[in-house]
1. How big is Rg to Rh over the stretch 1-85, alpha-carbon atoms, Rh as the Kirkwood inverse-mean-distance radius?
2. Using only DSSP helix segments of four residues or longer, with each worth -39500 (n - 2.57), what per-residue ellipticity at 222 nm results for the chain after dividing by its residue count and rounding to 500?
3. Extension gain residue 59-residue 10, at 0.36 nm per residue separation less the Cα-Cα distance, in nm?
4. Mean 1/r over all different Cα pairs, inverted: what Kirkwood radius does the stretch 63-106 give, in Å?
5. Once both axes come from the Cα atoms, what is the angle between helix 124-134 and the longest principal axis of the chain, in degrees from 0 to 90, rounded to 10?
6. Let me have the relative contact order for the stretch 65-132, percent, based on Cα pairs under 8 Å that are six or more residues apart.
7. Taking 0.36 nm per residue of sequence separation and subtracting the Cα-Cα distance, how much length would be gained by fully extending the chain between residue 105 and residue 136, in nm to one decimal?
8. Taking the Cα atoms only, what angle lies between the long axis of helix 58-79 and the longest principal axis of the chain, rounded to 10 degrees?
């Protein structure tokens with residue numbers, strides 16, 4: 001079980017995390033997001049409810065950046081994407097978290113961000129194959145942190 005240094009904020013979906021966790025530590029957790037169009041989409045979520053990376057002490061900034069790096073490595077190994085997008089927006093949910101998103105030339109939004117208007121539909125068979133790969137991602141992530 002994860003220990004929080006600060007109290008969760010009511011109504012924050014990341015403070016009240018209900019998604020399955022691939023790995024959890026004292027300061028952050030890693031989840032594999034259940035996204036039908038982007039299998040392998042992961043998030044590194046800082047436990048304390050802070051808005052910005054600059055709200056963290058230097059040691060914690062280094063820790064979260066290393067976590068993003070390790071998750072990116074696992075995504076590249078398992079999903080074999082053309083590109084990996086990293087994002088820490090927090091405009092909708094102002095709780096520090098990073099998105100790690102495998103991208104492919106045939107994905108619905110490429111080369112635009114996944115939040116843009118879709119340009120195409122990815123073939124169902126291709127998505128099914130990627131979902132099958134994504135089932136291995138949680139274990140690949142956990143190996144990097146354990």
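No lab work stands behind these numbers, since they all come straight from the coordinates. Worth saying up front: this structure is predicted, and the values here are computed from it rather than measured.
1. Rg/Rh for the stretch 1-85 comes to 0.97.
2. -9500 deg cm²/dmol
3. Extra length from residue 59 to residue 10 when fully extended: 14.9 nm.
4. 11.2
5. Its long axis makes an angle of about 40 degrees.
6. Across the stretch 65-132, relative contact order equals 23 percent.
7. My answer for the length gained is 9.0 nm.
8. Approximately 20 degrees, to the nearest 10.
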